[in-house]
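Asks: The structure's right below; bear with me while I get my questions together.
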Amino acid sequence: MKVYLVGGAVRDELLGRPVGERDWVVVGATPGEMLDAGFRQVGRDFPVFLHPETHEEHALARTERKTRPGYRGFELRYSPDVTLEEDLQRRDLTINAMARDADGTVIDPCGGMRDLESRMLRHVSEAFNEDPVRILRVARFLARYQPLGFSVAAETLARMRAMTTAGEIDALVPERVWQEMDRALGEAAPEAWLRVLHDCGALARILPELEALYGVPQPPQWHPEIDTGLHMELVLQAAADLTPEPRIRFAALMHDLGKGTTPRSVWPRHIGHEERGIPLVRAVAERLRVPVDYRELAELASLWHGRAHRARELRPRTILKLLESCDAFRRPQRFRELLVACEADFRGRGGLRHRPYPQAERLLRAQEAALAVTLTAAEREGLAGEEIGERLRRRRLEALRAQRADQAKR
């Protein structure tokens, strides 16, 4: 029995990055021998065992053979005679197909070291074509490593296009698509994830609502980048500057879906796109099983981002309506998150990535002024529930008007 550290841990050690989970491959062992050594079996499709002390995953070396369409259509073989090299050959990218032995020696039969040095995401073998999840994984790895200078090899991108054209990606279940998307949104360069999925055609199959934005023009005086799809890439880039939270980045990504439904005859204007985007956000959320808190924030971003940008022009009554619609009094933190998504939209335009966004501060001050309004017990006396709410609303509106008058004096 020989044990090797494999995959991401080896890759990130060589890149000088922090190592998260450590995975191990065991060569020359049977399931019975693993159990006798104190390991606990957890794998269903193939033997994976937890180390009795570290609880790290140890998988028996295995090979795979494609037997039917989809990412689950594989026949696995594991036995003591499967070699480390055979196990590494079945992996997706060369930089993930390296191992380290107990002496610290790197085993690299697929050229992973070379591609680390050249900053290239390259597939290992023809077997890459057999698993459509790998399209999503390549996009996610690009989102993680593009800041280090990585790009996708031309031949790998060509394979991703061919797999999409062949319909392999249509076999992915929604939960797996969302899992990869959520993880990609949390990476350092989520805009790279969006761009490479668009480039290989996969975006049109898994997120047609986003694909529909590419080629749709916007008024150049507001959007120097013009193309709405490019705008979304810039928005994700700005969102990554502002927050590490995938939920806020998702809201920023969804905010302009309505522009994909604007009739060509009225381009480049998009009047009413905010409201038109709501059913599209809901469609994405329902199809991909998106968590409720993600969906709710994305709907708010779609509906209110335009008015948030005009905060300095809004009347106190309109600001109060915005705060009420966003449930900003009971959920003040979510309102702050909404403003971050709006700021990402504002900055996600050609050449405006670092432009200040004073609108957020103005709306936050309005939220604070309205939240500070309370009714004493004497003021509530003799009033029913709705009457209390209406009096509180009038007092909040008075506070917002007073705040605006004070701002006008400055």
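Each reported figure results from applying straightforward, stated rules to the coordinates on display, with no laboratory input. Everything numeric here is computed off the predicted structure, so don't read it as measured data. We place every Cβ from the backbone using ideal geometry, glycine too, and count neighbours over all the protein chains shown.
Asks: What's the center-to-center distance, using Cα atoms, between segment 45-65 and segment 222-238 in Å?
Replies: If you average the Cα positions of each part, the centres end up 44 Å apart.
Asks: Additional query: What net charge is computed for the residues neighbouring residue 356, neighbours being all others with C-beta under 15 Å from the C-beta of residue 356, Lys and Arg scored +1, Asp and Glu -1? Numbers along the way, then the final one.
Replies: Working: positive: 312, 347, 349, 353, 355, 362; negative: 241, 343, 345, 361.
Around residue 356, the charge tally is +2.
Asks: I've got another one for you. Which one, 229, 306, 272, has the greatest fluctuation when you compute a Gaussian network model over the chain with C-alpha springs under 10 angstrom?
Replies: 272
Asks: What number comes out for the charge environment of residue 387, summing +1 per Lys or Arg and -1 per Asp or Glu over other residues with Cβ under 13 Å away? Let's see the in-between values first.
Replies: Values: positive: 380, 391, 393, 394, 395; negative: 379, 381, 386, 390.
Residues close to residue 387 contribute a combined charge of +1.
Asks: Roughly how many whole Å is it from the C-alpha centroid of segment 369-410 to that of segment 271-309?
Replies: Going from one Cα centre to the other spans 30 Å.
Asks: Counting each DSSP H run of 4 or more residues in the chain as -39500 (n - 2.57), what helix-only mean residue ellipticity at 222 nm follows after dividing by all residues, to the nearest 500 deg cm²/dmol? Numbers along the way, then the final one.
Replies: On the way: 19 runs with 210 residues, N = 410.
For the chain, the value works out to -15500 deg cm²/dmol.
Asks: Say R0 is 30 Å: what FRET efficiency, to the nearest 0.05, do residue 383 and residue 408 get from their beta-carbon distance? Please report the intermediate quantities before stating the final value.
Replies: Working: r = 33 Å, r/R0 = 1.09.
The pair residue 383/residue 408 has a calculated efficiency of 0.40.
Asks: Per q in 0.17, 0.18, 0.19, 0.26 Å⁻¹, report the Debye log10 I(q)/I(0) for segment 355-395, using one uniform scatterer on each alpha carbon and no solvent.
Replies: The computed values of log10 I(q)/I(0) come out as -0.56, -0.59, -0.62, -0.86.
Asks: Pick from 64, 324, 386: which residue has the top mean-square fluctuation in a GNM of the chain where Cα pairs under 10 Å get a spring?
Replies: Largest GNM mean-square fluctuation: 386.
Asks: When you count, for each residue, the other Cβ atoms within 10 Å and take the mean per peptide, how do 214-222, 238-246 rank with the highest first?
Replies: Numbers: 214-222: 14.3, 238-246: 18.8.
Ranked from most to least packed, the peptides come out as 238-246, 214-222.
Asks: With r as the distance between the Cβ atoms of residue 352 and residue 113 and R0 = 35 Å, compute the FRET efficiency 1/(1 + (r/R0)^6) and round to 0.05. Provide the component values of the computation, followed by the final result.
Replies: Values: r = 40 Å, r/R0 = 1.15.
Efficiency computed from Cβ-Cβ geometry: 0.30.
Asks: Averaging over all projection directions, find the projected area of the Cα convex hull of segment 1-118 and quote it in nm² with one decimal place. Don't skip to the end; give the middle numbers.
Replies: On the way: hull surface 31.8 nm².
Here the figure is 8.0 nm², rounded to one decimal.
Asks: Could you work out how much longer the chain between residue 155 and residue 287 gets when fully extended? Use 0.36 nm per residue separation minus the Cα distance between them, nm to one decimal.
Replies: Numbers: separation 132, 0.36 × 132 = 47.52 nm, distance 3.12 nm.
Net length gain for the segment: 44.4 nm.
Asks: Over 5 Å intervals from 0, what percent of Cα-Cα pairs in segment 308-394 sits in each interval?
Replies: Result, from short to long distances: 3, 13, 22, 20, 15, 11, 7, 4, 3, 2, 1, 0 percent.
Asks: If you don't mind, there's one more thing I want to ask. Compare 355, 122, 159 in a GNM of the chain, Cα atoms joined below 10 Å, and give the one with the largest fluctuation.
Replies: For the chain, modelled as a Gaussian network with Cα springs under 10 Å, the answer is 355.
Asks: Going by Cα centres, segment 249-268 and segment 166-207 are how many Å apart?
Replies: 19
Asks: How are the alpha carbon pair distances in the chain distributed across 20 Å bins from zero to the largest one, expressed in percent?
Replies: 23, 45, 24, 8, 0
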